[in-house]
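One structure below.
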Amino acid sequence: MKSSILLLFACFVGNSILAQECKSILLGEIVDFHDNTPLSGATVSITGTSLEAVSTEAGKFNFTGLCDGVIELEVSHPDCKSQFVIITMKGDTYEKIRLEHHLEELEEVKVIGDKANNTKSAQEERLSQIDLQKYSGNSLGDALKSLSGVSSLNTGANIVKPVIQGLNGSRVLILNNGVRMQDMEWGEEHAPNVDINSNQDISVVKGAAALEYGGDAIGGVIIMNPLPIVRTDSLFGKTQINLFSNGRGGNITSSLTKSYASGLYIKGQGSFKKLGDLESPNYLLSNTGIEEKGITFAIGKRDFLQGWEGYYSFFDSDIGILRASHIGNVDDLIQAINSQEPNVINDFTYDIIRPNQEVAHHLGKLSYYRRFEGLGKWNIQYDYQNNRRFEYDVRVGDDANKASLDLKLATHSLSTNFRLDSKKGLDLKIGLLGRYQNNFANPDTGVRRLIPDYDRYDFGIFTVAEFRLSDAVILDGGLRYDFSRMDAKKFYRTSRWEERGYDVDFGGIVIDDLGTQLLTNPVFDYHNISATGGFKYDFGTENSLRMNYSFAQRAPNPSELFSDGLHHSAARIELGDLRIKSESSSKLAVSLEKNESSWGYTIAPYVNAINDFIILEPTEVEFTIRGAFPVWSYRQTDALLIGIDASIYKNWTSNISSDHKFSWVRGEDKTTETPLINIPAANISNSVAYTNINWHNLAIGLESQFVFEQQRFPPNIFVFSPQQQQEVELDINTPPNAYHLLALDAEVSFSIQNANDFKIGVRATNLLNTSYRDYLNRQRYFVDDLGRNISLRLIFNY
Amino acid sequence: MKTIAKSFKKVSFNSVFAMAVIGSIAVSCSDDDDPVAVDEEEVITTMTVTLTGSGNTITLQSQDLDGDGPNAPTITVSDDLLANTTYSGSIELLNETETPAEDITAEVAEEDDEHQFFFAPSGAITSVDYSDQDGDGNPLGLSFSLVTGDAGNGSILITLRHEPKKPNDGSLADAGGETDIAQSFNVVVQ
């Protein structure tokens, strides 16, 4: 009933357009996004009508007898990604449409300048489809590392947290099909709960400039979206199988999309991954297996006037944590650091034993948009996420199979925005967000809660605008306000409460005194402002200069406020601080780019000054009956990060191309004048590729990655070792040596039913089986990193 | 609908915000009860070593009631040891965060193949020998014998390892595993 009313309404609006005097002409020109060459043979249709045109040799097309007002064009080309273009007709109108090459067809020409465009002035990079296919069997973090300026904070090989220009965790937002992930990103050993295969369009905004997604992205935003679905009657799908020698397993991912000319579409996707124990060059890494399952399902309808989508995704992972990294106290840690080999090496197995993590993430979304003629487009979205995390430790007796950590994080968000784009050259968006989050820490674990029960309320309002000053200059800017309330119920040990001085500063929040424990009710409000502004200036042949300033504030996360307990996996006591307030970042980023088809480069320096930067680092030692433990405390300081990301590519001949990247970042604690902890080391990667479209699209690439030794790190701490009965230096901050890795990749494609619908690829990483340890891998104290891995990938498109 | 109306009052937040979080309010209400306190399980707070010899009983105790809280364990030695004496020793482990205290000794005895005490005597304590074995005939250490030498100062480091390599050469380095207890006692032998 409801839909028929909407339909009626749609017809009415449609008729009212037709009733106008319609004499306008649309003259269009379609050019290649990258080199401005005309694209012929592109089909252009006006959505909601049967009007269709095909572009000429010169890339031109036209429609006559159109009404004034806003229309939407769907532009499709056999070699390109279909694109929807909104045009305001006002008399006879000329429009130049830049069509992006379909990324899969890019194999003959190397194009790095395939920039995403979530912001115009900020530094942003997009993962190519080719790279996505190469990393289909790995994690999101592994794939993103192929972008310059993106590194990762690992716990072993399977828990990979993206680090953007030196910053990670809550400072990096992840947008999964328009939904901001709420998956306990606060923990260093918590990886994003997304299947890399569920979204094909993945880009990274470096910094806080993409304000519409959140005001607290001091590190950056990772935006994952599905590829747009073309409005035709079609049924297509893709299956990729990856097999790995290291881990003796692999994964399979498969998707199927049914679309209709009416705009209706149904899409399903599933992935399964299973790996056994991984191997370093010299020994097996016991209990490093992984099992992952992912499902996504989408149904929606896309029309010019309105559209809706229902989306559900489920991601489940069971990840083994290196057995040798589970240790007892500081003496065990010293012993592990000094010993060259892990203290536990078992036979290869697919079984995952303790310690391990099991995480399940459900994400559901309903969205709707409607276009108002002569005004703009209104979007509304509701989403719900449920993240359940179990962490299992090595325990004894009745508790052996009980989780040590059992958290359930449920988040509801309602967001809406209105995009005013009817005025040519100006694109303005205003939006609102409301969010409620509840965390429940199950007490049945028999272990004191690391993160307490809490309710969190967020409210945000933003406006972002993009203004095309001239053909060459685009200005963009935005402003956002966020309110957050954290309302927690937390137990403190009385001894800890007093040691932290909370009895003096927070005496009023105690609601129950149980003798050795106190129940408290901290309620904190945070008011945060963020703002951004910048420009993009195009000049010469395919050159552009971007400059962006962004100011962002981030409220502390639950871990920074409330952490209070022993982490067995790292043999450390982690302490949050109730006094922590929001941190504020001021970042200036510039990038100079050239994107010609024969060569191009990007030079992107930045400086990020963060006041009240929240940092976790080893500070002291506490004694228990089990021995001494290093204490890692959160504190705030003023920090300065300066860095540069640079890349250059060259297509030497039509067959040979090369690609070179360099990133470097320097982090300084301004207050103590010491280096910041966990800042990625400088690294250089070089690759050379040979492609030949006449030999089954053969593509062979050799990749080299050199990671320098991090020379700047905070000082180690000294601890009393009960075993040695003396004070010893705990070597936990010293970075490992520099290392160099080679990778080889080869791929060919065959035509079974359609052109190039079947691909086979072989990839070898750590080709020389080099033993190395990485500074940003938390398991570097215990074991070497991964040895050689030879993988086979099979891709079927149908 | 009634529950939603009710919950609005309860949350008493500004109404725009309430609209935004309408779907969630039912959840927030159900969790309004205070969380229950967690009593740590399988924590060892107290190790009491009883030494009996020449008609005397001496206890060495390490008690850490706040576990991984900030307070260091309290160490008490009831009396001085006699020179050139053989004591028979036994170890009792308790979790005193629970009332009544939970006896962890029994758990260790039950899973004796996964546990072992290690003794590192020095100074006036000359040697320590195991008096018990696990099911596989490897040493356990819940009971032991301790020999003192001439008068003077001595110390003994007692370590309990979980899942050590068994059998091992008696050194901590060779045994591996995880440390459940590591405590040293300074004693006077006279």
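How crowded by other chains is B:176-187, given as the mean number of beta carbons from other chains within 10 Å of each beta carbon?
Partner Cβ neighbours, averaged per residue: 6.
Which FRET efficiency value, to the nearest 0.05, do you get for A:Asn543 and B:Ser143 by plugging their Cβ-Cβ distance into 1/(1 + (r/R0)^6) with R0 = 60 Å?
Details: r = 82 Å, r/R0 = 1.36.
For A:Asn543 and B:Ser143, the calculated efficiency is 0.15.
How would A:Ile87, A:Ile430 line up by accessible area, probe 1.4 Å, largest first?
These residues rank, largest area first, as A:Ile430, A:Ile87.
Solvent-accessible area per residue for chain A at a 1.4 Å probe radius, Å²?
Values: 30430 Å² over 798 residues.
Result: 38 Å² per residue.
Could you give the length gained on full extension between A:Ser40 and A:Ile648, defined as 0.36 nm per residue of separation minus the Cα-Cα distance, in nm? Provide the component values of the computation, followed by the final result.
Details: separation 608, 0.36 × 608 = 218.88 nm, distance 3.01 nm.
Once the chain is fully extended between A:Ser40 and A:Ile648, it gains 215.9 nm.
By average Cβ neighbour count within 10 Å, what is the ranking of B:153-164, A:290-301, A:506-517 from highest down?
B:153-164, A:290-301, A:506-517
How large is ³J(HN,Hα), in whole Hz, for each residue of the stretch B:97-105 in order, when computed from phi with the Karplus curve 6.51 cos²θ - 1.76 cosθ + 1.60 and θ = phi - 60°, using x for Gly and Pro?
Running phi through 6.51 cos²θ - 1.76 cosθ + 1.60 with θ = phi - 60° gives 6, 9, 10, x, 4, 8, 8, 7, 3 Hz.
Taking all pairs of different Cα atoms in the stretch A:478-609, averaging 1/r and flipping that mean, what Kirkwood radius in angstroms comes out?
18.7
Output the peptides A:754-764, A:118-128 sorted from most to least packed, where packing is the average of other Cβ atoms within 10 Å over each peptide's residues.
Top to bottom by mean Cβ count within 10 Å: A:118-128, A:754-764.
Just to check, using Stokes-Einstein with a Kirkwood Rh over alpha carbon pairs, what's the diffusion coefficient of chain A at 10 °C and 1.306 mPa s in µm²/s?
On the way: Rh = 28.0 Å.
Once the numbers are plugged in, D ends up at 57 µm²/s.
Can you list the HN-Hα couplings for the stretch A:267-272, worked out from phi with the Karplus curve (6.51, -1.76, 1.60; θ = phi - 60°), rounded to whole Hz and with x for Gly and Pro?
Here the 3J(HN,Hα) series is 9, x, 8, x, 9, 9 Hz.
Rounded to two decimals, what is the ratio between the C-alpha radius of gyration of the stretch A:657-762 and 2.2 N^0.38 Å?
In units of the 2.2 N^0.38 Å rule of thumb, it is 1.79.
Output ³J(HN,Hα) for the stretch A:464-477: one whole-Hz value per residue in order, computed from phi by the Karplus curve 6.51 cos²θ - 1.76 cosθ + 1.60 with θ = phi - 60°, and x for Gly and Pro.
So the J values, rounded to whole Hz, are 10, 9, 9, 10, 8, 6, 8, 4, 9, 10, 10, 9, 9, x.
Work out how much length A:Ile461 to A:Leu264 would gain on full extension: take 0.36 nm times their residue separation and subtract the Cα-Cα distance, in nm to one decimal.
Contour length minus the Cα-Cα distance gives 67.8 nm.
I'd like to compare A:727-733, A:491-497: which one has the highest average count of other Cβ atoms within 10 Å, and what's the full order after that?
Put in order of decreasing packing, that is A:491-497, A:727-733.
Can you give me the long-range amide H partners of A:Val194? Hydrogens built in the peptide plane at 1.01 Å from N, cutoff under 5 Å, separation of 5 or more residues or another chain.
Distant-sequence amide H within range of A:Val194: zero hits.
Taking only the alpha-carbon atoms of the stretch A:163-207, what semi-axes of the equivalent ellipsoid follow from 5 times the gyration tensor eigenvalues under a square root, in whole Å, largest first?
Semi-axes, largest first: 17, 14, 9 Å.
Set the bar at 22 Å for Cα to Cα. Now go through A:Lys134/A:Lys365; A:Lys145/A:Lys661; A:Lys90/A:Lys424; A:Lys96/A:Lys206; A:Lys145/A:Lys670 and name every pair that lies beyond it.
A:Lys134/A:Lys365; A:Lys96/A:Lys206; A:Lys145/A:Lys670, as the Cα separations exceed 22 Å there.
Taking Cα atoms, how many degrees apart are the long axis of helix A:2-19 and the longest axis of chain A, rounded to 10 and kept between 0 and 90?
Taking the Cα atoms of chain A, the angle to A:2-19 is about 40 degrees.
Please get the size of the charge dipole for the stretch A:287-438, origin at its Cα centre, with Cβ charges of +1 on Lys and Arg and -1 on Asp and Glu, quoted in debye to the nearest 20.
The calculated dipole for the stretch A:287-438 is roughly 1460 debye.
Based on Cα coordinates alone, diagonalise the gyration tensor for the stretch A:352-499, multiply each eigenvalue by 5, take square roots, and list the semi-axes in whole Å, largest first.
Values: eigenvalues 412, 64, 42 Å².
After diagonalising the Cα gyration tensor, the semi-axes are 45, 18, 14 Å.
What area, in nm² and to one decimal, does the C-alpha convex hull of the stretch A:232-320 cast on average over all directions? List each step's numbers first, then the result.
Working: hull surface 27.4 nm².
Projected over every direction and averaged, the Cα hull of the stretch A:232-320 covers 6.8 nm².
Would you mind telling me the share, in percent, of accessible area of the protein assembly as shown contributed by carbon and sulfur at probe 1.4 angstrom? Spell out each step's value before the answer.
Values: 21580 of 39160 Å².
Looking at the protein assembly as shown in its full context, I get 55 percent from C and S.
Could you compute how fast the stretch A:635-678 diffuses translationally, taking Rh as the Kirkwood radius over C-alpha pairs and applying Stokes-Einstein at 25 °C with viscosity 0.890 mPa s? Give it in µm² per second.
Value of D from the Cα-based Kirkwood radius: 187 µm²/s.
With the convex hull built on the Cα atoms of the stretch A:544-695, state its orientation-averaged projected area in nm².
The directionally averaged projection comes out at 13.4 nm².
Quote the charge dipole size of the protein assembly as shown about the Cα centre in Debye, to the nearest 20; the model charges only the Cβ of Lys and Arg (+1) and of Asp and Glu (-1).
The dipole of the protein assembly as shown has a size of about 5300 debye.
Report the paramagnetic label zone for A:Phe506: residues of the stretch A:611-630 whose backbone N is under 19 Å from a point 7 Å from Cα along the Cα-to-Cβ axis.
Flagged as within label range: A:613-617.
Calculate, for A:Ser245 and A:Asn692, the FRET efficiency according to 1/(1 + (r/R0)^6) with r their C-beta to C-beta distance and R0 22 Å; round to the nearest 0.05. Before the final figure, lay out the partial values.
Working: r = 27 Å, r/R0 = 1.22.
Efficiency, rounded to the nearest 0.05: 0.25.
For the pair B:Asn186 and A:Leu592, how long in nm is the line joining their label points, each one 7 Å along Cα→Cβ?
If labels sit at B:Asn186 and A:Leu592, their model points lie 6.6 nm apart.
With each run of n ≥ 4 DSSP H residues scored as -39500 (n - 2.57), what mean residue ellipticity at 222 nm is computed for the protein assembly as shown after dividing by its residue count and rounding to the nearest 500 deg cm²/dmol?
After summing the helix terms and dividing by the residues of the protein assembly as shown, the value is -2000 deg cm²/dmol.
Mind checking the mean number of beta-carbon atoms from other chains within 10 Å of the Cβ atoms in A:435-446?
Going residue by residue through A:435-446 and averaging, the value is 4.
So if I place +1 on the C-beta of Lys and Arg and -1 on the C-beta of Asp and Glu, and nothing else carries charge, what would the dipole magnitude of the stretch A:112-220 be about its Cα centre? I want it in debye, nearest 20. Write down the numbers at each step before the final one.
Values: 9 positive and 13 negative charges, 53 e Å.
Taking the Cα centre of the stretch A:112-220 as origin, the dipole is about 260 debye.
How shielded is B:38-50 by partner chains, expressed as the average number of their Cβ atoms within 10 Å of its Cβ atoms?
Average per residue, whole number: 4.
For the stretch B:140-190, state the average projected area of the convex hull of the C-alpha atoms over all orientations, rounded to one decimal in nm². Intermediate results must be reported in sequence, preceding the final value.
Numbers: hull surface 16.7 nm².
Mean shadow area of the hull around the Cα atoms is 4.2 nm².
What would the Debye formula give as log10 I(q)/I(0) at q = 0.11, 0.13, 0.14, 0.17 Å⁻¹ for the alpha-carbon point model of the stretch B:40-190, no solvent?
With one equal scatterer per Cα and no solvent, log10 I(q)/I(0) is -0.41, -0.58, -0.68, -0.99.
Percent of Cα-Cα pairs more than 25 Å apart in the stretch A:305-422, please.
53
Residue separation times 0.36 nm, minus the C-alpha to C-alpha distance between A:Leu27 and A:Asn716: what's the value?
Gain on extension, A:Leu27 to A:Asn716, equals 241.3 nm.
Please compute, for the alpha-carbon atoms of the stretch A:288-345, the extent along each of the three principal axes and give them in descending order in Å.
67, 19, 18
Which value does Rg/Rh take for the stretch A:131-275 over its C-alpha atoms, Rh per Kirkwood?
Values: Rg = 16.2 Å, Rh = 16.3 Å.
Value, to two decimals: 1.00.
The values are calculated or read from the model by the stated rules, or taken from the named source; none is laboratory data. Fair warning: this is a prediction, and the values are worked out from it, not measured in the lab. Counting neighbours? That spans all protein chains shown, and the Cβs are built from the backbone with ideal geometry, glycine included. Just so you know, the surface numbers come from the protein's heavy atoms only, side chains and all, with ligands and any DNA or RNA stripped out. Shrake-Rupley method; radii C 1.70, N 1.55, O 1.52, S 1.80 Å.
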